[in-house]
Amino acid sequence: MMGAGLQARGQVPPGTARLGELDVHLIAEGRHRELGRCLGAQPMVADGEAGTRFAVWAPNARQVSVVGEFNDWDAASHPMQIRPDAGLWELFIPGVQAGALYKYAIVGADGRRLPDKADPVARATELPPGTASRVAPADAFVWNDGDWMDGRAARHTAEAPLSVYEVHAASWLRITEEGGRSLNWHELGDRLIPYVSQMGFTHLELLPVMEHPFGGSWGYQPLAQFAPSARFGSPADFAGFVDRCHQAGIGVILDWVPAHFPSDPHGLAYFDGTALYEHADPREGFHRDWNTLIYNFGRHEVRGFLIAGALEWLERYHVDGLRVDAVASMLYRDYSRDAGDWVANIEGGRENLEAVAFLRELNTTIGQRCPGTMMIAEESTAWPGVTAPVADGGLGFTFKWNMGWMHDSLSYMARDPMYRRYHHHEMTFGLVYAFSERFVLPISHDEVVHGKGSLLRKMAGNEWQQHANLRAYFGWMWGHPGKKLLFMGCEFGQTSEWNHDASPTWDLLDDARHRGVQGLVRDLNALYVREPALHARDAVPEGFEWLVGDDDSNSVFALLRHGNGRHVLVISNLTPVVRHAYRVGLPGNAPAWHEVINTDATAYGGSGVGNNGAVHCEDVASHGHARSALLTLPALSTLILSQDL
């Protein structure tokens, strides 16, 4: 080992390796936005010697040392020096190169040696189940996505089509011949990117790729907010994957978890022997649902750490957006808590004012530094103004997941069609508030796991009816106001619920019914992107018009979408009975409307009932329009018609 040759050197950082005074000041204020280029392990040349500077925030520690494979993990070899004005410890060690494994050996204020800690700002890690941090090389990745970066802002507005394919990278396609291993970033680039492109999705959303100790958490219990998981390759490999997505015209969104973190002893928990990143009071600092610790959003340094972590993905890795997990749990101090098990805010209320301030600062900062990127909230309550500007009192997110629409519509589709007439409101209520926020309609991993069954098996009826219901549901979803998100496997009618230790059952595509569902999703994506009426006025009431919202006796729903002077009819018949000569009013003077999507088409596995490709208008007033047409509505189906092809 190299420890003996290093022990005599590097105990006092050379002047050129010391943290700058401005760095120290900004870190203390929680306003340093580039912690990944400041704290952690930074390879550099200082006073003519190549090595690595280590820097870590541990204000209450009595002593901190760097331990690693370069000094036989000996805490006596490399004690760090403290900058008491900010609680920062630093040390330059000559000879330590990129790739070296390391941790921090910390003695708390009470003199007790803590478990060795991974670096909170590590930019690379050891492959789990190892828990050490790894010195990451200085940036050397050459990007080739200039065209995408120059034009991406237009792709992320409320007026743009946004159809997202949500993926758990570890299980999208496992190699069964090699022990069920996951694909790495190179292999995902070869397989996943072409698939997403062929299916017509505009964006790929990855469950958290930040390093996490337990694979069964799917990434939602991360401990390295600055490091891509070593499970899939190096940080440069991840950058290369994003670059390839962009060159293929696909945006990349990452799920991101600033709400809580796991209590593993090598992580952030009691990092310097005190509740540093978390609250000391378990009524504020411990999340009982997930057995995790809650960040102390009232502390400047913690807010700065999280905001810098978010920026790391957007700036260093060119990621196009972050979907912020568990926002509701951040907003309410009594979230999932019993009476007496939570602490009121300074005004005596249940709102977490510090978390609200953090989210506003986060979204304001990202809006300023990373224009054209998206911040998407998974927020399940009626908190007002989630997507309203911060200047207007909102939280400043770009989009919000519409959990209410998801819950209500899936509840309806699970009902026997005989009883759907009594629950008609479950399909219409979402349009009462559809324009109160900028929404994404999410069918996510959360709906197909933990005993909830697959999306296909949520549908009512026998095998044929379940497929028909699923196709009709997709047609309704793609025609409904709001951006789209679909979890992997749902796009071809996965029959079993998601298992993170196995791939989706891709061999189902040998069955024509499943290929039909997949083909429908592909065609819906293509129509959605090319048809402005389906996306251009997605977030404003003027883009939507009810035609039939009250026909509960027939379980028929019909709406018009308007955009860029164009009109599209979306009509669903959610009973197993064909409706003949069903009249609907239609705007404009077009002599015919073309059936651009029929979810009952034989190509999709349906029965082939429909309107022979088009319906012809008559001068018969209906539904507030001077002209109308008679339609045949297939059983358990959705039709989408436009004025021209």
When the stretch 153-300 is reduced to its Cα atoms, the Kirkwood hydrodynamic radius in Å: 17.1 Å
Taking the alpha-carbon centre of each part, the distance from the stretch 233-275 to the stretch 434-487 in Å is 28 Å
Which order do you get for D237, D150 if you rank them by accessible area with a 1.4 Å probe, largest at the top? D150, D237
Highest first, please rank the peptides 239-245, 138-144 by the mean number of other Cβ atoms sitting within 10 Å of their residues. 239-245, 138-144
Please enumerate, by chain and number, the lysines with C-alpha under 17 Å from the C-alpha of K103, excluding those fewer than 8 residues away in the same chain. K117
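To the nearest 0.05, what FRET efficiency results for D289 and Y433 with a Förster distance of 30 Å applied to their C-beta separation?
Given R0 = 30 Å and the Cβ-Cβ separation, E is 0.70.
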Ordering of 104-112, 521-529 by burial proxy (mean other Cβ atoms within 10 Å per residue, highest first): 521-529, 104-112
In Å, the Kirkwood hydrodynamic radius of the stretch 1-151 over pairs of distinct alpha carbons? 16.0 Å
Heavy-atom surface of the chain, accessible at 1.4 Å and reported per residue (Å²): 36 Å²
Which angle from 0 to 90°, rounded to the nearest 10, does the C-alpha axis of helix 403-413 make with the longest principal axis of the chain? 40 degrees
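How big is the Cα convex hull of the stretch 237-283 in projection, averaged over all directions, in nm²?
For the stretch 237-283, the mean projected area of the Cα convex hull comes to 5.1 nm².
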Ordering 469-482, 172-185 by per-residue average of other C-beta atoms within 10 angstrom, highest first, gives 469-482, 172-185
Expressed as an acute angle from 0 to 90° and rounded to the nearest 10, what is the orientation of the C-alpha long axis of helix 463-479 relative to the principal long axis of the chain? 80 degrees
What value does the stretch 117-163 have for Rg/Rh, both radii from Cα atoms and Rh as Kirkwood defines it? 1.24
Using a 1.4 angstrom probe on heavy atoms only, work out the carbon and sulfur share of the accessible area of the chain in %. 51 percent
With Cα atoms, 0 to 90° folded angle of helix 235-247 axis to the chain main axis: 30 degrees
Descending principal axes extents, the stretch 15-72, alpha-carbon based, whole Å: 35, 29, 19
Remind me, what semi-axes does the stretch 348-503 give for its equivalent ellipsoid, largest first in whole Å, using sqrt of 5 times each Cα gyration tensor eigenvalue? 33, 18, 14
How large is the Rg to Rh ratio of the stretch 413-490 when both quantities use alpha carbon positions and Rh follows Kirkwood? 0.96
Report the extension gain between T157 and T505 in nm, rounded to one decimal, defined as 0.36 nm multiplied by the number of residues separating them, less their alpha carbon distance. 121.8 nm
When the chain is fully extended, how far beyond the present Cα-Cα distance does A76 get from H25, taking 0.36 nm per residue of separation? 15.4 nm
The stretch 271-318, Kirkwood Rh and Cα Rg, ratio Rg/Rh at 1.08
Calculate the spin-label point distance for S411 paired with V343, positioning each point 7 Å from the Cα along the beta-carbon direction, and give it in nanometres. 3.6 nm
What FRET efficiency do you get for E187 and R530 if R0 is 35 Å and r is their Cβ-Cβ distance, rounded to the nearest 0.05? 0.65
Rounded to the nearest 10 Å², the accessible area of Y220 using a 1.4 Å probe with every protein chain kept is 20 Å²
Convex hull per residue volume in Å³, alpha carbons only, for the stretch 306-412: 123 Å³
Please report, in whole Å³, the volume per residue of the convex hull around the C-alpha atoms of the stretch 464-532. 91 Å³
Spatial extent of the chain: Rg and Dmax, with the Cα atoms as the point set, Å: 27.2, 94
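The values are calculated or read from the model by the stated rules, or taken from the named source; none is laboratory data. All of these numbers come straight from a predicted model, not from anything done at the bench. In this analysis, Cβ positions are derived from the backbone assuming ideal geometry, glycine residues included, and neighbour counts consider all displayed protein chains. Quick note on the areas: whole protein, heavy atoms, side chains included, nothing else; ligands and nucleic acids left out. Shrake-Rupley method; radii C 1.70, N 1.55, O 1.52, S 1.80 Å.
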